[in-house]
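**Student:** Following this message is one structure expressed as structure tokens.
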Amino acid sequence: MGTVAVRTLRPATATRRYLMVLPLGLLCLLAIGLGYSLSTAKTAPSVQLGAPAEIPGGIAMITGIVPLEVDGWQPPSPVTALQHDAQDGSHRVRIEMQFTALDPAGTRLDPARFIVDGLGSGQPVPLWSSPDAAFVQEGESVRATMVFELPDKAVALVLEGPDGGRLSLGKEHHSGG
């Protein structure tokens, strides 16, 4: 008796898999592109240093940016986060602000919810801030102080409020000016 060669036919599953992978791959590329475009969406422009910025219910203005190593300022009571030196490659700054309520309903102020946004900053939050969250009545102004630790090389920084208001920090946060 002789040998019979049997040839198995490959089912079309490999072809079907290929036809399924191609559209899925395209769909993934579209999702990645959409995610990238959403993550780089334009944010509101920042207001120049010293100019008032609109916030819900009023305006906010930076009145001073002082590196702590320049004047040695300390908060009225000891703060654990400020008891140690700044990390290598960073410095601490005190940001003085004024908030004014213009709306008849007033405005809410919470300095602890501000962040610094910008190239190389990583969005730090205040190490210390005063006053605590408060409500500002129409026509009233409140001064606030926030202390941040910022990278030495970061220059294009913006102070961003919880409502999205953005105030430029300029280059004054560097002790060299």
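**Student:** Taking interchain pairs and intrachain pairs at least six residues apart, which have beta carbon atoms under 6 angstrom, with the first residue in region 102-119 and over 15 Å from E140 (Cα atoms) and open to solvent by less than 30 Å² (accessible area, probe 1.4 Å) and the second among the aromatic types (F, W, Y) and assigned to a strand (DSSP E or B)?
**Tutor:** Close Cβ pairs satisfying both conditions: V116/F148.
**Student:** Restricting to region 69-100, name every residue that is among the aliphatic types (A, V, I, L, M) and more than 24 Å from the chain's Cα centre (by Cα). Break it down into steps so the answer makes sense when it comes.
**Tutor:** Keep residues of region 69-100 that are among the aliphatic types (A, V, I, L, M), which gives 70, 79, 81-82, 86, 93, 95, 97.
V70, the sole residue that qualifies.
**Student:** For region 63-89, enumerate the residues that are at pLDDT 85 or above and acidic (D, E).
**Tutor:** Correct list: D85, D88.
**Student:** Additional query: Return the only residue of R143, R94 being under 20 Å from L49 (Cβ atoms), basic (K, R) and either in contact with a Cys (Cβ under 6 Å, 6 or more places away or on another chain) or open to solvent by 30 Å² or more (accessible area, probe 1.4 Å) (or both). Working first, answer last.
**Tutor:** On the way: R94 fails: either in contact with a Cys (Cβ under 6 Å, 6 or more places away or on another chain) or open to solvent by 30 Å² or more (accessible area, probe 1.4 Å) (or both).
Unique residue meeting the criteria: R143.
The values are calculated or read from the model by the stated rules, or taken from the named source; none is laboratory data. All values reported here derive from a predicted model rather than from experimental measurement. So basically every Cβ, Gly included, is an ideal-geometry build from the backbone, and we count neighbours across all protein chains shown. Quick note on the areas: whole protein, heavy atoms, side chains included, nothing else; ligands and nucleic acids left out. Shrake-Rupley method; radii C 1.70, N 1.55, O 1.52, S 1.80 Å.
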